[in-house]
Amino acid sequence: MGAQDTEGRRGGESHAAAGPAGAGAAAGSRYARVERERRFLLARAPAPGAVTCARLITDRYVDGTRLRLRHVERIDTGECAHKLTQKIPAPSGATGPVRGLITNMYLSGEEYSLLLDVLPGRVLTKTRLSVPPLGIDVFDGRLLGLVLAEAEFETTEDAETFVPPAGCLAEVTDDPRFTGGSLAHAERTQLRGWLADYGLRLA
């Protein structure tokens, strides 16, 4: 797996056009990269001593688009980063760690504020805890109690041979309900039912 990015996640390679995800709509996505990740449900947040870095993340999923506006703040230093992301999903019915193509554009604080004022969408907030090799998202608000771990990979082989650490109770890589775009629209009663499908209870 490659180096972690500013959010404690792993990054893959860039592609000049549609990659192995088969996302034909991405033709011309010159700076997109293939996104390979696996997601797991956890029963609880990790012990503080296991966390190497913590970040507060606020996402706005822009209505009617595949765009996400993100604000990230390191809890220890207050350092902030902002970016606009486009995610082109893998073809319908595809399974496995290749989730599609992702393109990031890093923004200044002023650019972020301007876009925040004009782009409507649903907001999702969480704390991302880096516990290598995982980034663990602890959600708040109406999703309080959801703890979701993600690992990103440079190659499909790395992803397929990855052995999740103890504490990963169920894999939800292929469950679209646990993607950010879906969770941004989820109500607490829905989340309770989704977790129950995996034998987990939401308080």
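Return the total of residues in region 128-142 being of a type in the set (D, E, K, R) and over 15 Å from GLU73 (Cβ atoms).
Let us first name the residues in region 128-142 that are of a type in the set (D, E, K, R), namely 128, 137, 140, 142.
Checking the rest, the ones that are also over 15 Å from GLU73 (Cβ atoms) come to 142.
The qualifying residues number 1.
Taking the conditions exactly as written (surrounded by 14 or more Cβ atoms within 10 Å (Cβ to Cβ) and either modelled with pLDDT under 95 or in a loop (DSSP other than H, G, I, E, B) (or both)), does ILE102 satisfy them or not?
When the stated conditions are applied, ILE102 passes them.
Looking only at residues in region 49-99 that are of a type in the set (Val, Ile, Thr) and under 16 Å from the mean Cα position of the chain (by Cα), which one is most open to solvent (accessible area, probe 1.4 Å)?
Just the residues of region 49-99 that are of a type in the set (Val, Ile, Thr), to begin with: 51-52, 57-58, 62, 65, 72, 75, 77, 85, 88, 95, 98.
Now restrict to residues that are under 16 Å from the mean Cα position of the chain (by Cα): 57-58, 62, 72, 85, 88, 98.
Values: ILE57: 2, THR58: 48, VAL62: 11, VAL72: 8, THR85: 1, ILE88: 10, VAL98: 28 Å².
Of everything passing the filter in region 49-99, THR58 is most open to solvent (accessible area, probe 1.4 Å).
Taking region 71-111, which residues are over 26 Å from THR52 (Cα atoms), free of Cβ contacts under 8 Å to residues at least 12 places away in the same chain and polar (S, T, N, Q)?
Correct list: SER92 only.
For ARG122, work out the one condition from (1) in a strand (DSSP E or B); (2) crowded, with 16+ Cβ neighbours inside 10 Å it doesn't fulfil.
Of (1) in a strand (DSSP E or B); (2) crowded, with 16+ Cβ neighbours inside 10 Å, only one is false for ARG122: (2).
Is it true that some residue in region 171-178 is modelled with pLDDT under 95 and open to solvent by 50 Å² or more (accessible area, probe 1.4 Å)?
For region 171-178, residues modelled with pLDDT under 95 and open to solvent by 50 Å² or more (accessible area, probe 1.4 Å): present.
Every residue, every condition in (1) charged (D, E, K, R); (2) in contact (Cβ under 8 Å) with a residue 40 or more places away in the chain; (3) part of a helix (DSSP H, G or I), yes or no:
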position	(1), (2), (3)
VAL138	no, yes, no
GLU150	yes, yes, no
ASP158	yes, yes, yes
PRO164	no, yes, no
ALA170	no, yes, no
ASP174	yes, yes, no
GLY181	no, yes, yes
ALA186	no, yes, no
LEU191	no, yes, yes
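Do the conditions hold for VAL147, that is, is it of a type in the set (Val, Ile, Thr), surrounded by 15 or more Cβ atoms within 10 Å (Cβ to Cβ), within 27 Å of VAL51 (Cα to Cα) and touching an Asp or Glu at 6+ places or on another chain (Cβ under 8 Å)?
It is true that VAL147 is of a type in the set (Val, Ile, Thr), surrounded by 15 or more Cβ atoms within 10 Å (Cβ to Cβ), within 27 Å of VAL51 (Cα to Cα) and touching an Asp or Glu at 6+ places or on another chain (Cβ under 8 Å).
So, in region 159-170, how many residues would count as being modelled with pLDDT of 95 or more and either of a type in the set (D, E, K, R) or closer than 19 Å to LEU144 by Cα (or both)?
Selection size over region 159-170: 3.
Please work out which residue is surrounded by the fewest Cβ atoms within 10 Å (Cβ to Cβ), limiting yourself to region 193-203 and to residues that are in contact (Cβ under 8 Å) with a residue 60 or more places away in the chain and among the hydrophobic types (A, V, I, L, M, F, W, C).
Result: LEU200.
The values are calculated or read from the model by the stated rules, or taken from the named source; none is laboratory data. Quantities reported herein were computed from a predicted structural model and do not represent experimental measurements. No Cβ is skipped: glycine too gets one built from the backbone with ideal geometry, and neighbour counts run over all protein chains shown. What goes into the accessible areas is simple: the full protein's heavy atoms, side chains included, and nothing from ligands, DNA or RNA. Shrake-Rupley method; radii C 1.70, N 1.55, O 1.52, S 1.80 Å.
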